[in-house]
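See below for the structure under consideration.
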Amino acid sequence: MLTLISATPSPYARKNRIAMIEKGIPFDLQTEIPWHSATETPKYNPLEKLPILIFDDGRPPIYESWYIQEYIVRKYQGTGPDLMPKELDDQLIVKKIQVLADGACDAMGLVFFETARGELMSKEWFDRQMRKVNGVIKAMDELVRENKGRKFLVCDEFSVADIAVGAMLGMMNMVETKYGLIHWKEQYPELRKYWEMLESRESFKETQPVMFELTEKVA
Ligand SMILES: N[C@@H](CCC(=O)N[C@@H](CS)C(=O)NCC(=O)O)C(=O)O
């Protein structure tokens, strides 16, 4: 049996959870707060980050969400949907979309900890990260509009690119609802429609992000 170390708000772990649910791969979920001292993440990953996929047969654990997606897609080819187009050029487009979606999540993570610094918060740093977030959201909206009514981003087939963008927008929705830091849904109605279509899938419904409260000082 596989175990995924995950956190309830993590868009990264959500991607892996969605991919495994879509493919019908059974796994146990180990939910943690990676910022707290009780986390098991350093035991498995020197970067001390989740998601981490643990095997029960002695194989070393793997980490980094895009790498886990790669593992799921390649090792479970033939189990459930491919989640990856057949042609190399299309695969490379999928990976480029993943880079942007993950980068937006990284920038929003930095914003989150910057705002926690209170008076020490750097407005320049905050604005720089928000530019990245808004830039990626705009680029994703362009992609959806260029797609002209096709349901999914690459080859009109559901893939890990859609999972990455959906998880990223889910994070942005949570941030918008809880902190009001961004307002993308009114600005980009087409992107919103695409995101809502993704969120209506069972795998997305089962993995709704939920923010946790940090009780230990992190930054
Ligand atoms: N690039 C990594 C990012 C993972 C990441 O930032 N995870 C957060 C939780 S959402 C974490 O574990 N942070 C703990 C830390 O950075 O110390 C991935 O895609 O897996």
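Need at least 3 residues that are among the β-branched types (Val, Ile, Thr) and under 27 Å from residue 32 (Cβ atoms) per element, so show me which helices (runs of 4 or more DSSP H) inside region 146-219 make the cut, counting only ones lying wholly within it.
160-179
For region 50-88, what are the residues that are within 13 Å of the ligand (Cβ to nearest atom) and either crowded, with 20+ Cβ neighbours inside 10 Å or at pLDDT below 95 (or both)?
Scanning region 50-88 gives 50, 51, 52, 53, 63, 65, 68, 69.
Out of region 169-219, which residues are open to solvent by less than 20 Å² (accessible area, probe 1.4 Å), closer than 21 Å to residue 107 by Cα and touching a residue at least 60 places away in the same chain (Cβ under 8 Å)?
170, 172, 175
List pairs: first residue in region 53-81 and of a type in the set (S, T, N, Q), second residue at pLDDT 95 or above and open to solvent by 40 Å² or more (accessible area, probe 1.4 Å) anywhere in the structure, Cβ distance under 6 angstrom, at least six positions apart or on different chains.
65/12
When you check residue 22 against the structure, is it of a type in the set (D, E, K, R), at positive phi, surrounded by 14 or more Cβ atoms within 10 Å (Cβ to Cβ) and within 19 Å of the chain's Cα centre (by Cα), yes or no?
Judged against the criteria, residue 22 is not a match.
Could you tell me which residue of region 40-49 is nearest to the chain's Cα centre (by Cα), considering only residues that are more than 8 Å from the ligand (Cβ to nearest atom) and free of Cβ contacts under 8 Å to residues at least 24 places away in the same chain?
Only one residue fits best here, namely 45.
Could you go through region 87-97 and let me know if any residue there is touching a helix residue (DSSP H, G or I) at 6+ places or on another chain (Cβ under 7 Å), among the aliphatic types (A, V, I, L, M) and assigned by TED's automatic domain parsing to the domain that holds residue 156.
yes
The values are calculated or read from the model by the stated rules, or taken from the named source; none is laboratory data. Because the structure is a prediction, the values reported are computed rather than measured. Methodologically, a virtual Cβ is constructed for each residue, glycine included, from the backbone with ideal geometry; neighbour enumeration extends over all protein chains shown. For the accessible areas, the whole protein counts, side chains as well, though only heavy atoms, and no ligand, DNA or RNA atoms are used. Shrake-Rupley method; radii C 1.70, N 1.55, O 1.52, S 1.80 Å.
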